[in-house]
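Engineer: Can you read through this structure? Questions will come right after.
The values are calculated or read from the model by the stated rules, or taken from the named source; none is laboratory data. Remember, it's a predicted structure, so these values are computed and weren't measured experimentally. Please note: Cβ atoms are built from the backbone with ideal geometry, for glycine as well, and neighbour counts cover all protein chains shown.
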């Protein structure tokens with residue numbers, strides 16, 4: 001991938017990403033901000049040229065794109081499909097152990 005291709009994609013998706021040129025440890029490149037996951041990732045020019053767009057964008061997630069599941073009354077369900085109130089109930093729960 002060429003740097004111009006990455007920049008064009010980021011500009012077309014400016015609601016999801018922002019970018020700035022920058023240097024880390026002497027390597028010039030781009031800082032890419034992922035707005036959804038609130039992460040910042042630096043890509044050197046070499047990394048941009050050696051990797052695909054999907055490979056680069058997957059690195060901006062930094063492990064935050066996780067779908068949690070929970071077991072309630074004997075079945076599993078995805079927490080991402082719950083409404084705000086149900087997620088609040090989950091947050092208020094706590095584990096107890098019987099010794």
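Engineer: Could you list all residues from segment 26-47 that are under 21 Å from residue 14 (Cβ atoms) and more than 11 Å from the chain's Cα centre (by Cα)?
Structural biologist: Result: 29, 30, 31, 32, 42, 43.
Engineer: I've got another one for you. Can you name every one of the strands (runs of 3 or more DSSP E) wholly within segment 23-99 that holds 1 or more residues which are outside the structural domain of residue 13 (by TED's automatic domain parsing), over 29 Å from residue 5 (Cβ atoms) and modelled with pLDDT of 75 or more?
Structural biologist: Filter on segment 23-99 gives 75-78.
Here is a yes/no grid of residues against (1) surrounded by 15 or more Cβ atoms within 10 Å (Cβ to Cβ); (2) in contact with a helix residue (DSSP H, G or I) (Cβ under 9 Å, 6 or more places away or on another chain):
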position: 8; (1), (2): no, no
position: 18; (1), (2): yes, yes
position: 23; (1), (2): no, no
position: 27; (1), (2): no, yes
position: 30; (1), (2): yes, yes
position: 38; (1), (2): no, no
